[in-house]
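Notes to accompany the following structure.
The values are calculated or read from the model by the stated rules, or taken from the named source; none is laboratory data. No experiment lies behind these values; they were computed from the predicted model shown. Note that we place each Cβ from the backbone using ideal geometry, even for glycine, and neighbour counts take in every protein chain shown. Ligands, DNA and RNA are stripped out before the accessible areas are found, and what is left, the full protein with its side chains, is counted by its heavy atoms. Shrake-Rupley method; radii C 1.70, N 1.55, O 1.52, S 1.80 Å.
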Amino acid sequence: MTTARRQLIDAESTPFYHVINRCVRRAFLCGEDALSGRSYQHRRGWIVDRIRQLSSIFCIDVCAYAVMSNHYHLVLKIDLAAQQALSPFEVIERWTELFSGNPVAAKFLKGDSLSEGERIQLDTLISDWQERLGSISWFMRCLNEDIARKANREDGCKGVFWEGRFKSQALLDEQALLACMMYVDLNPIRAGIADSLQTSDYTSIQERIEEVAEPATANASLKPLLQFDGAATAAEQSGIPFHFADYLELIDWTGRAVREDKRGFIACSRPKLLLELGISDDAWITSAKEFHRQYSGMSGRWDAMCAMKAKYGGKWCRGKQQSQAIHPH
C-alpha cells in the first residue's frame, strides 16, 4: 500500500530528504533517443534552472542534484527557520511568483484597506501559502508540472510525462545525508557516462568544483547550493555538517572505487570523514553504489528508523544491515 506523503516527509523529524522522479515515456527525458537519433540533452538545463529558481522562492535548500537521461535525483533541506520568519508581504510576494494569487492579496500588496471579512480571508491565505513554501510536495509539483508542460509542447503531444508521484527518503542523521549526497553526486560515474567529477555534467559536485575554481561566474540572481558548514558548532549549524574539502576528498576516493568498467584504486590513506565516522571501506563503497535500493522511505540509525516508522503506524523497516554498517558506534 502506498504510504501517505505526510508520513514520509516530516520536517520536525529531519529537514533532509532524497527525492527521485522518473520519466514515463520511452522517449528520454534528457538523453539521446537511439531509435530516432533525437537529442534531449538541453532538457537537463531546464531542470537545473527550474530547481534553482524554485529554491529561491521556497524555503528549501538544494544540497545535491544529478540529472540523468530519464530521471533525476535531489537532496533537499527544508529551512523551517526561514519559513517561519517570512512576513505576510514576503509570503504573498513569493507565492505570486508562481501562481496568480488572489484579489484580496493584491489589495494588501497595494496597501488598500481591507474589510474584516477580507482580513480573515487574507490570514487564511497567508497561513496556507506559508506552509506550502516549506513543502517539498509543492516544490516538486512546481518543478514537475513546468518541465512536463515544456516537454509535451516540444514533443507536440499531451498526457502524462512523469512515471508517478516522486519517491522520497528521509535522511535522519549525518551518515545518511553524507551517503545519500555521495550516491547522488556519483550517479553519472556509476552509470558510466562520465569518467571524472569535472565531466559529470548537470550534477551538484561539478557545479561546486566550478564555483571554487571560478567564483565570479556564479549567478547572483539564483540562490546558491546549500553551503558546507563543518566549522560551525551544532547549535549554530545551518548548512551541510561537513567541510567541503573533506567531502571532495571522500567523493574523489569513492568515485575511483565504484567504477565498474575498470579496477578501482583505493588510496593507502583512508579519507578523513570515514575515519571520523568510523565507517569501514567496504560498507561505504556498498552504500555509494546502492544507497537507494538499500532503504525504503528513510535512512539513518536503525533505532531512529524504527522509531519514525512506529510514529506513523508502520510495522517494519528496510535496510537494517546497511544502517548498522554505516553507523558502527
Region 1-45: number of residues that are under 24 Å from Leu171 (Cβ atoms), of a type in the set (Gly, Ala, Ser) and at pLDDT below 65: 1
Residue among Leu80, Leu109 that is in contact with a Pro (Cβ under 8 Å, 6 or more places away or on another chain) and surrounded by fewer than 19 Cβ atoms within 10 Å (Cβ to Cβ): Leu80
By residue number, the members of region 291-310 that are at pLDDT 75 or above and not in a loop (DSSP other than H, G, I, E, B) are Phe291, Met298, Ser299, Trp302, Asp303, Ala304, Met305, Cys306, Ala307, Met308, Lys309, Ala310
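Taking region 116-134 as the region of interest, how many residues are free of Cβ contacts under 8 Å to residues at least 60 places away in the same chain and open to solvent by less than 60 Å² (accessible area, probe 1.4 Å)? Spell out how you get there, then give the answer.
Residues of region 116-134 that are free of Cβ contacts under 8 Å to residues at least 60 places away in the same chain, as a first pass: 116-132.
Retained after the next criterion (residues that are open to solvent by less than 60 Å² (accessible area, probe 1.4 Å)): 117-118, 122, 125-126, 129-130.
The qualifying residues number 7.
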Run down Leu143, Leu98, Leu114 and say which single residue is part of a loop (DSSP other than H, G, I, E, B) and in contact with a Leu (Cβ under 7 Å, 6 or more places away or on another chain). Leu114
Output for region 160-192, where each listed residue is surrounded by fewer than 16 Cβ atoms within 10 Å (Cβ to Cβ) and closer than 18 Å to Ala257 by Cβ: Ala191, Gly192
Which condition number in (1) surrounded by 13 or more Cβ atoms within 10 Å (Cβ to Cβ); (2) of a type outside the set (A, V, I, L, M); (3) part of a loop (DSSP other than H, G, I, E, B); (4) modelled with pLDDT under 75 is the one that Asp261 fails? (1)
What number of residues in region 138-153 are touching a residue at least 12 places away in the same chain (Cβ under 8 Å) and open to solvent by 40 Å² or more (accessible area, probe 1.4 Å)? 2
